[in-house]
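What follows is a short report on a single structure.
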2 protein chains.
Amino acid sequence: MSFLDEVPWNGDGLIAAVAQDATSGRVLTVAWMNREALKQTSEKGEAVYWSRSRNKLWRKGEQSGHVQKVREVRIDCDADAILLKVDQVGGIACHTGRESCFFRKLEGGKWVTVDPVLKDPSLIYK
Amino acid sequence: MSFLDEVPWNGDGLIAAVAQDATSGRVLTVAWMNREALKQTSEKGEAVYWSRSRNKLWRKGEQSGHVQKVREVRIDCDADAILLKVDQVGGIACHTGRESCFFRKLEGGKWVTVDPVLKDPSLIYK
């Protein structure tokens, strides 16, 4: 039996996937994988997700170059989430040009942007 | 407008929530929150989730005592995931008695348990 068969894919055939920077420990992204995405991720050693908005496989970094090199793939106890430890190429995971997608923090009842833009998105997506 | 109104709750009224140990950086759990869970988490400073299996609010640690004290709440760019930085009481987040729920690693095409049980679950859930 393949490790892929042990994943109880949800009603949409997906599982949540958290990517964490292997060096800094920073949580970078939460995205989704279908069976093919997890298979390709494990084979290529680079994160491949399922884009729910575009409804297709999405090789992280295919446009931006900000590939996630996968050092480790883990699964949680009830097998409904994947954790990738990655080397984030370019040090930028977010399409806004920030290190992490989690750049807004709850402060005084408001979501406040607390992380800097490292690179102008117009220079990333040409 | 409340910060709760800025969350595009999914079809089930939920958002994925990653909990990360504030000290070690270890990703501990991925669970789900509804509006009330996120509200209570922000008010109490302790993680409250929505249990999809039990279909009710679940104050993390209510049975085990392994409460997650919340230091920081973040939200990602497209607001479909929450990140909590927590102090994990007891140093155990998983119901199996392990530090993290992500104790299985993909090795040679198999999910292999690589983390030790720190406390026998029968001693946690009496």
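Coordinate-derived values only; no laboratory data. The structure displayed is predicted, hence computed values, not measured ones. No Cβ is skipped: glycine too gets one built from the backbone with ideal geometry, and neighbour counts run over all protein chains shown.
Could you give the C-alpha radius of gyration of segment B:9-56 expressed as a fraction of 2.2 N^0.38 Å, taking N as the number of residues it contains?
With N residues counted in segment B:9-56, Rg over 2.2 N^0.38 Å equals 1.18.
For segment A:50-55, take each phi angle, set θ = phi - 60°, evaluate the Karplus expression 6.51 cos²θ - 1.76 cosθ + 1.60, and give the result in whole Hz per residue in order, putting x for glycine and proline.
Along segment A:50-55, the couplings run 9, 7, 6, 6, 9, 6 Hz.
Please give the contour-minus-distance gain from B:L4 to B:K69: 0.36 nm per residue of separation, less the Cα-Cα distance, rounded to one decimal in nm.
Going from the current span to full extension adds 21.4 nm.
What lysines could a cross-link reach from A:K44, if we take a straight Cα to Cα line under 29 Å and drop same-chain neighbours fewer than 8 places away?
Partners within reach: A:K56, A:K60, A:K69, A:K85, A:K119, A:K126, B:K105, B:K110.
In whole Hz, with x marking every Gly and Pro, tabulate ³J(HN,Hα) for segment B:87-93 from phi via Karplus 6.51 cos²θ - 1.76 cosθ + 1.60, θ = phi - 60°.
9, 8, 4, x, x, 10, 9
So which trypsin sites (Lys or Arg not before Pro) in segment B:40-88 pass both tests, a DSSP loop state and at most 11 other Cβ atoms within 10 Å of the Cβ?
B:R54
Starting at 0 and stepping by 5 Å, how many percent of the alpha carbon pairs of the protein assembly as shown end up in each bin?
Taking all Cα pairs of the protein assembly as shown, the binned fractions are 1, 6, 13, 18, 20, 18, 13, 7, 2, 1, 0, 0 percent.
Taking K and R as +1 and D and E as -1, what net charge do the other residues with C-beta under 12 Å from the C-beta of B:I92 add up to?
Summing Lys/Arg as +1 and Asp/Glu as -1 gives 0.
What are the distances, in nm and sorted shortest first, from the label point of B:H95 to the label points of the same position in each other copy, with each label point placed 7 Å from Cα along the Cα-to-Cβ direction?
3.5
Once you charge only the Cβ atoms, +1 for Lys and Arg and -1 for Asp and Glu, what is the size of the charge dipole of segment B:1-83 about its Cα centre, to the nearest 20 debye?
Using Cβ point charges on Lys, Arg, Asp and Glu, segment B:1-83 gives about 420 debye.
What residue of chain B sits with its beta carbon nearest the rotation axis taking B to A, and at what distance in whole Å?
Its Cβ sits closest to the axis: B:G25, 2.
Within segment B:61-126, list the chymotrypsin sites (Phe, Trp or Tyr not before Pro) lying in a DSSP loop whose Cβ has at most 16 other Cβ atoms in a 10 Å radius.
B:Y125
So, in Å, what gap is there between the alpha-carbon centers of segment A:48-92 and segment B:54-126?
One Cα centre to the other: 21 Å.
A:V114 versus B:L118, label points 7 Å from Cα toward the beta carbon: distance in nm?
Placing both labels 7 Å beyond Cα along the Cβ direction yields 2.4 nm.
Using only the Cα atoms of chain A, each taken as one equal point scatterer with no solvent, compute I(q) by the Debye sum, divide by I(0), and report log10 of the ratio at q = 0.11, 0.12, 0.21 Å⁻¹.
After summing over all Cα pairs, the log10 values are -0.39, -0.46, -1.23.
How big is segment A:44-117 on each of its three principal axes, counting only the C-alpha atoms and giving the largest first in Å?
The principal-axis extents, from largest down, are 41, 33, 26 Å.
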